[in-house]
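The values are calculated or read from the model by the stated rules, or taken from the named source; none is laboratory data. Here the structure is a predicted model, which means the values were calculated and not measured. Using ideal geometry, Cβ is built from the backbone for each residue, glycine included, and neighbour counts are taken over all protein chains shown. Surface areas here come from the heavy atoms of the whole protein model, side chains and all, with no ligands, DNA or RNA. Shrake-Rupley method; radii C 1.70, N 1.55, O 1.52, S 1.80 Å.
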4 protein chains.
Amino acid sequence: MSLLSQHTAATAVQAGIAKSAEIGVKMNIAVVDAGGHLLQFSRMEGAWLGSVDIALKKAKTAALFTLPTAVIGTISQPGGPVYGIEHTNDGLVSFGGGLPVVDQAGNVLGSVGVSGGDVQQDTTVAEAVVQAIVAAH
Amino acid sequence: MSLLSQHTAATAVQAGIAKSAEIGVKMNIAVVDAGGHLLQFSRMEGAWLGSVDIALKKAKTAALFTLPTAVIGTISQPGGPVYGIEHTNDGLVSFGGGLPVVDQAGNVLGSVGVSGGDVQQDTTVAEAVVQAIVAAH
Amino acid sequence: MSLLSQHTAATAVQAGIAKSAEIGVKMNIAVVDAGGHLLQFSRMEGAWLGSVDIALKKAKTAALFTLPTAVIGTISQPGGPVYGIEHTNDGLVSFGGGLPVVDQAGNVLGSVGVSGGDVQQDTTVAEAVVQAIVAAH
Amino acid sequence: MSLLSQHTAATAVQAGIAKSAEIGVKMNIAVVDAGGHLLQFSRMEGAWLGSVDIALKKAKTAALFTLPTAVIGTISQPGGPVYGIEHTNDGLVSFGGGLPVVDQAGNVLGSVGVSGGDVQQDTTVAEAVVQAIVAAH
């Protein structure tokens, strides 16, 4: 029933580590299944300890709403339509670095969360992980 | 003592599902009693998983203050009179989609929480659920 | 991707309510999907308020381990092999009334949690809900 | 400062997956550093979803006390010297499957948590992960 194999998840995290090394940042990288349950995780040496939880929660957030976490961030600002949504579901992350993975048929395969650099770097690495999952699928 | 029967709650959630289908969204719909305790819940197929918790917390929030969650959102903004109230009561929701249900005599019957669309869609469905409860009462 | 439709979940909870009425108890009945996410819930009038959380956690427990909660209870006793397991996963229930639902091909469809009577009554109703899901599948 | 490299952690989890396959169980395998912070995690396809949290907490437990989780289980029984210790530190696990990793000089390198089989199977796989870390060091 699982749409995302352990092998694919591990390979994709490895691709994320390679991309992180290429752009010179130390990352925490998480992959969860479509239900938000953790499949694979790596913390690179020297990555921020506080980014473990952020990477895990970014992946969870993207899975629970099938949306990039950056989108949640846009609509949850003070005065925005879902201000405070980050306090639901035992904590969401409302800035970039979490991406859902959807195949060409529209099936949700899971999602990815990356934390350790700035938001642009986190997103760049998350995109590399997503691409590796899609390519292997 | 209960002013809101299980049958009425179930019928009202069904009315909310019908309204959701009519406007083309996949919703999570919760009805709680006047004490904030869950009575009835349905998640439509394809609705966001993260909206389960939001629908439950919207209904709880509306019950605990006998106010629409949108009102809580207005007064909990930065600089507002109850800034941060969403961190009380094990988590409240501070945007629209939660509505209290009060009969013509002013009795609180319970409340409704809906999540799965945008805030306007959530509110539209919540209003349909409230109307079904009032009509059955 | 969902193996358990909203319609089936709702019909099955209704079957559980009928069984509860037949044996003369007021129940809380929850159905979750294979990932442990809530699909459908009803509390019968007069059912214990404290059983809402128990029914929800029984369903979650059965989903997370694809085991009846009574089995978790057997092995988590003091001196038992997994003593204290109920404190993981934000709280599990370690007595009967939660049952996984598996189809003939071995696919996990979801699980059921019932609370409101004694453990034998809870289990009787949970079995009725499981049978209704399997029959509709 | 880190005594346990990401490469070693990933290799060791891979050794644990191989051992799990050899004994025919689907495991969740976590490796944390000496501070208890997650380094590497894999969930094998078909492993219990509820074992994600248990594997993570076993590794954390073993790291926080530099003790096998089975030892915590022995001393936390009713009437035992640290009865209830599992409720500290946001949740510990008090049965086997978590092991600290200490090198020949007595340096704590980190710890390992495995969940998915019975306690003996979990311990067998955890030992394989520990051995792989020590061998790579």
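Remarks
- Test: residue in region B:9-25 that is at the interface with chain C (Cβ under 9 Å from one of its Cβ atoms) and out of contact with any strand residue (DSSP E or B) (no Cβ under 7 Å at 6 or more places or on another chain): yes
- B:E45 meets the conditions (1) touching a His at 6+ places or on another chain (Cβ under 9 Å); (2) open to solvent by less than 10 Å² (accessible area, probe 1.4 Å) in every case but one. The failed one is (2).
- There is no residue in region A:8-30 that is under 30 Å from B:I72 (Cβ atoms), open to solvent by less than 20 Å² (accessible area, probe 1.4 Å) and among the hydroxyl-bearing types (S, T, Y).
- Flag for A:G106 being on the phi > 0 side of the Ramachandran plot and within 9 Å of the chain's Cα centre (by Cα): no
- Taken together, B:I75, B:I54, B:I17 contain a single residue that is farther than 15 Å from B:V112 by Cβ and hydrophobic (A, V, I, L, M, F, W, C), which is B:I75.
- Conditions (1) away from every other protein chain (no Cβ under 11 Å); (2) open to solvent by less than 10 Å² (accessible area, probe 1.4 Å); number of the one not met by C:F95: (2)
- Filtered by the rule that a residue be among the hydrophobic types (A, V, I, L, M, F, W, C) and within 14 Å of chain A (Cβ to nearest Cβ), region C:26-42 gives C:V32, C:A34, C:L38, C:L39.
- Residue within region D:81-100 that is touching a residue at least 40 places away in the same chain (Cβ under 8 Å) and under 12 Å from the mean Cα position of the chain (by Cα) present: yes
- The residues of region D:60-92 that are open to solvent by 30 Å² or more (accessible area, probe 1.4 Å), small (G, A, S) and not in a loop (DSSP other than H, G, I, E, B) amount to a single one, D:A70.
- The C-beta contact set for region A:43-59 (first residue facing another protein chain (nearest Cβ under 9 Å) and in a loop (DSSP other than H, G, I, E, B), second residue open to solvent by less than 50 Å² (accessible area, probe 1.4 Å) and among the aliphatic types (A, V, I, L, M), distance under 6 angstrom, 6+ apart or interchain) comprises A:M44/A:M27; A:A47/A:M27.
- Residues that are open to solvent by 10 Å² or more (accessible area, probe 1.4 Å) and either free of Cβ contacts under 8 Å to residues at least 12 places away in the same chain or of a type outside the set (S, T, Y) (or both) within region A:123-137 comprise A:E127, A:A128, A:V130, A:Q131, A:A132, A:V134, A:A135, A:A136, A:H137, listed in sequence order.
- Reported count of residues in region B:101-122, each being part of a helix (DSSP H, G or I), open to solvent by 30 Å² or more (accessible area, probe 1.4 Å) and touching a residue at least 40 places away in the same chain (Cβ under 8 Å), is 2.
- If you go through region A:38-60 and keep only what is under 14 Å from the mean Cα position of the chain (by Cα) and under 18 Å from A:E86 (Cα atoms), you end up with A:S51, A:V52, A:D53, A:I54, A:A55, A:L56, A:K57, A:K58, A:A59, A:K60.
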